[in-house]
Amino acid sequence: VEKDAETGKPAGVLWPHSEFLASHGFPTVAFDIFSFFPFAENSFDVIHASWSWVEIARRTTFEIHRVLRPGGWLLLRQPAAGGTVRNNAIAKLHAYALLLGWQLRGTLMCGPGGYGRYLAYQMPDAA
């Protein structure tokens, strides 16, 4: 993991959980989810996206599908439901996921008072 020259912390890390993962040997990357992902097909076993799904672009969902390996996981942390934009974003993601053959494997409320939730989708295995 590349380190920032001034802080010594992993470069490009924007969130504390990313820093924690990087410190334990897991590569972390921060980039704009609304552009094409700078990775080859079938590059990842897991993608963790946190607080980034207020509005979901179909292209973003297809990019995740492209870079996840067969059987891979999308772990999505979504802010607590509290408005139509968030609810519509989750509904769109779920519709795209079904079209792509993903399976929703679980949901988990997190934080005090259920502040946010995790959704765990799994990609289909290779045919």
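What follows is calculated from the coordinates using simple rules that are stated; it is not laboratory data. As the structure is a prediction and not an experimental result, all values here were calculated from the model.
Close amide H partners of Asn42, meaning residues 5 or more places away or on another chain with modelled amide H under 5 Å apart, are Val67, Leu68. Amide H contacts for Ser50 (H built 1.01 Å from N in the peptide plane; partners 5 or more residues away or on another chain; cut-off under 5 Å): Arg77.
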